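Participant: Right, I'll just put the structure down here and ask away after.
The values are calculated or read from the model by the stated rules, or taken from the named source; none is laboratory data. None of these values were measured; they are calculated from a predicted model. In this analysis, Cβ positions are derived from the backbone assuming ideal geometry, glycine residues included, and neighbour counts consider all displayed protein chains.
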Amino acid sequence: MTDAFRPYSGIRILDMTHDLGRYATRLFADLGAEVIRIEPPGGLPDRARDTAARPGGAEAFAFFNASKQSLVLDLAGNEGRARLADLAREAQIVVLERGGPLAAAEISWLRELNPTSVIAHVSPYGLGGPLEDAPASDLTLQAAGGIAWMTGRGGEPPLRLPGGQSAMICSVYAGVAIAVSLLDSETRGRGHILDISAQECIAHSLQNAIQVWDLERRVSHRAGEGTRDASENIYACRDGHVFLASPPTTGVSWKSLVAWMGEVNHPSFVPFSDAKWLSRPYRSTPAARAEFQPIFEAFTRDFTRQELVENALKRRIVMAPVARVRDVLEDEQLAWRDYFVPMGEGGARFPGAPYKMSEPVWSVSPAPALGQH
């Protein structure tokens, strides 16, 4: 690695991903790697899928493929394979994905071309096994990985986490595995073949379900630990929502909350002064949760998020504002740190790197046109 401030400068990555692995290669591009999308004539599947007429499609493609290059090769012909072979001999990393232009069966060919390279294959269920070729989507992967069991409200059907989370978590795990393997390859001069299953990445990231079983021998379920106390939820206020967690066991939080209602002579003070709200068994029941919400929201609707949080901080009440997407885009702290990066035409802004290095070298360039390079 040639540049301490762009740690993957001098690293070439051949990228044949189109969904589950494309964020991983984007991360390496952010850190200085030369990432070349090897695309068949007509482009990889995400180019047409993301840029189709649907909300946010073009922006999604631009985000996941920023700072990459695009090279069109017809791998069904000898000329395209020969060009790919030349590139593979010089590349430190090759990333494949099921449904891309090069099948998993070609991994041995790539290994022969460059025995010291890191070759990663990303797929929904991994190589081999009864589901190797099974159809998959973000919904089915979240269900197969177990996270759907953890998502949603207790007693209601499971939900899919938004934003293509199966692809994001798969890419994060792939990126870590590739980085560790590359370090070993550079240190010891030996190559690696990585088989990354999105299902297994999800199964390894089930919130704190594994730890809950280890420590309490209890199976976690939808609504997580928020179901333990009636107060732990998101509530509406005058200009949005706030999160509250105020069981009697958290120090002065509950007493301070009720006292605050009394100081402002709010009607919610009377029902919350009932001794039953000091009973942990009662507060953990569905009836308590159903009763709590309208009483508390009758209070919060008189205040803005800022007013609620400022008072909560002074009174040592566990409360936080719930940010909407618009709030994040307009956040003063993120603006001060230049987190959102303008890219391309039309005034589009994209999240930048979630870290700051000692020299301002991080930059982003627009996603490439098909065959641009």
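Participant: Is it the case, given these coordinates, that P368 is surrounded by 12 or more Cβ atoms within 10 Å (Cβ to Cβ), at pLDDT below 95, of a type outside the set (D, E) and not in a helix (DSSP H, G or I)?
Facilitator: Values: surrounded by 12 or more Cβ atoms within 10 Å (Cβ to Cβ): yes; at pLDDT below 95: yes; of a type outside the set (D, E): yes; not in a helix (DSSP H, G or I): yes.
Taking the combined requirement at face value, the residue satisfies it.
Participant: Hey, can you tell me all the residues within segment 33-57 that are at pLDDT 95 or above and of a type in the set (K, R)?
Facilitator: The one that is at pLDDT 95 or above and of a type in the set (K, R): R37.
Participant: Which one of the conditions (1) in contact with a helix residue (DSSP H, G or I) (Cβ under 8 Å, 6 or more places away or on another chain); (2) surrounded by fewer than 17 Cβ atoms within 10 Å (Cβ to Cβ) does R228 fail to meet, given that it meets all the rest?
Facilitator: Only one criterion in (1) in contact with a helix residue (DSSP H, G or I) (Cβ under 8 Å, 6 or more places away or on another chain); (2) surrounded by fewer than 17 Cβ atoms within 10 Å (Cβ to Cβ) is unmet by R228, namely (1).
Participant: Being touching a residue at least 60 places away in the same chain (Cβ under 8 Å), among the basic types (K, R) and part of a loop (DSSP other than H, G, I, E, B) is the requirement here; does R153 meet it? Before you say what the answer is, go through the steps one by one.
Facilitator: Values: touching a residue at least 60 places away in the same chain (Cβ under 8 Å): yes; among the basic types (K, R): yes; part of a loop (DSSP other than H, G, I, E, B): yes.
So R153 passes the test.
Participant: Suppose we keep only residues that are touching a Pro at 6+ places or on another chain (Cβ under 6 Å) and not hydrophobic (A, V, I, L, M, F, W, C) within segment 69-91. Which one would you say is farthest from G163 (Cα to Cα)?
Facilitator: Within segment 69-91, the match that is farthest from G163 (Cα to Cα) is D74.
Participant: Say we look at segment 263-288 and pick out the residues that are closer than 23 Å to R228 by Cβ and assigned to a loop (DSSP other than H, G, I, E, B); which of these is nearest to the chain's Cα centre (by Cα)? Before you say what the answer is, go through the steps one by one.
Facilitator: Taking segment 263-288 first, the residues closer than 23 Å to R228 by Cβ are 268, 271-288.
Of the ones still in play, those that are also assigned to a loop (DSSP other than H, G, I, E, B) are 268, 273-274, 279, 284-285.
Numbers: S268: 39, S273: 42, D274: 42, S279: 38, S284: 31, T285: 32 Å.
This residue is S284.
Participant: Further, regarding this structure: So A60 fits all but one of (1) more than 25 Å from V172 (Cβ to Cβ); (2) modelled with pLDDT under 95; (3) in contact with a helix residue (DSSP H, G or I) (Cβ under 7 Å, 6 or more places away or on another chain); what number is the exception?
Facilitator: Status for A60: all satisfied but (1).
Participant: Can we say S171 is modelled with pLDDT of 95 or more, hydroxyl-bearing (S, T, Y) and assigned to a helix (DSSP H, G or I)?
Facilitator: Working: modelled with pLDDT of 95 or more: yes; hydroxyl-bearing (S, T, Y): yes; assigned to a helix (DSSP H, G or I): yes.
Criteria met by S171.
Participant: Output the number of the condition that E291 fails; it satisfies all remaining conditions of (1) closer than 20 Å to A320 by Cβ; (2) in a helix (DSSP H, G or I).
Facilitator: (1)
Participant: Of the conditions (1) within 18 Å of R305 (Cβ to Cβ); (2) assigned to a loop (DSSP other than H, G, I, E, B), L257 satisfies every one except a single condition; which number is it?
Facilitator: (2)
Participant: Report, by residue number, each residue of segment 11-33 that is under 17 Å from V122 (Cα atoms), out of contact with any Pro (no Cβ under 8 Å at 6 or more places or on another chain) and assigned to a strand (DSSP E or B).
Facilitator: Here is the first cut: in segment 11-33, the residues under 17 Å from V122 (Cα atoms) are 13-28.
With out of contact with any Pro (no Cβ under 8 Å at 6 or more places or on another chain) added as a condition, the list becomes 13-15, 17, 21-28.
Scanning segment 11-33 gives I13, L14, D15.
Participant: Considering only residues that are loosely packed, with under 14 Cβ neighbours inside 10 Å and farther than 26 Å from G155 by Cα, which ones fall in segment 274-301?
Facilitator: Residues satisfying the conditions are D274, A275, R301.
Participant: Something else: Mind counting the residues in segment 104-127 that are under 17 Å from A198 (Cα atoms) and without any contact (Cβ under 8 Å) to a residue 60 or more places away in the chain?
Facilitator: First pass over segment 104-127, keeping only residues under 17 Å from A198 (Cα atoms): 104, 119-127.
Those left that are additionally without any contact (Cβ under 8 Å) to a residue 60 or more places away in the chain: 104.
Summing the residues that are under 17 Å from A198 (Cα atoms) and without any contact (Cβ under 8 Å) to a residue 60 or more places away in the chain in segment 104-127 gives 1.
Participant: Check whether at least one residue in segment 46-60 is in contact (Cβ under 8 Å) with a residue 40 or more places away in the chain and either surrounded by 21 or more Cβ atoms within 10 Å (Cβ to Cβ) or in contact with a Cys (Cβ under 8 Å, 6 or more places away or on another chain) (or both), and report yes or no.
Facilitator: Checking segment 46-60: not a single residue is in contact (Cβ under 8 Å) with a residue 40 or more places away in the chain and either surrounded by 21 or more Cβ atoms within 10 Å (Cβ to Cβ) or in contact with a Cys (Cβ under 8 Å, 6 or more places away or on another chain) (or both).
Participant: While we're here: When you check S246 against the structure, is it assigned to a loop (DSSP other than H, G, I, E, B), farther than 20 Å from G155 by Cβ and within 28 Å of the chain's Cα centre (by Cα), yes or no?
Facilitator: Working: assigned to a loop (DSSP other than H, G, I, E, B): yes; farther than 20 Å from G155 by Cβ: yes; within 28 Å of the chain's Cα centre (by Cα): no.
So S246 fails the test.
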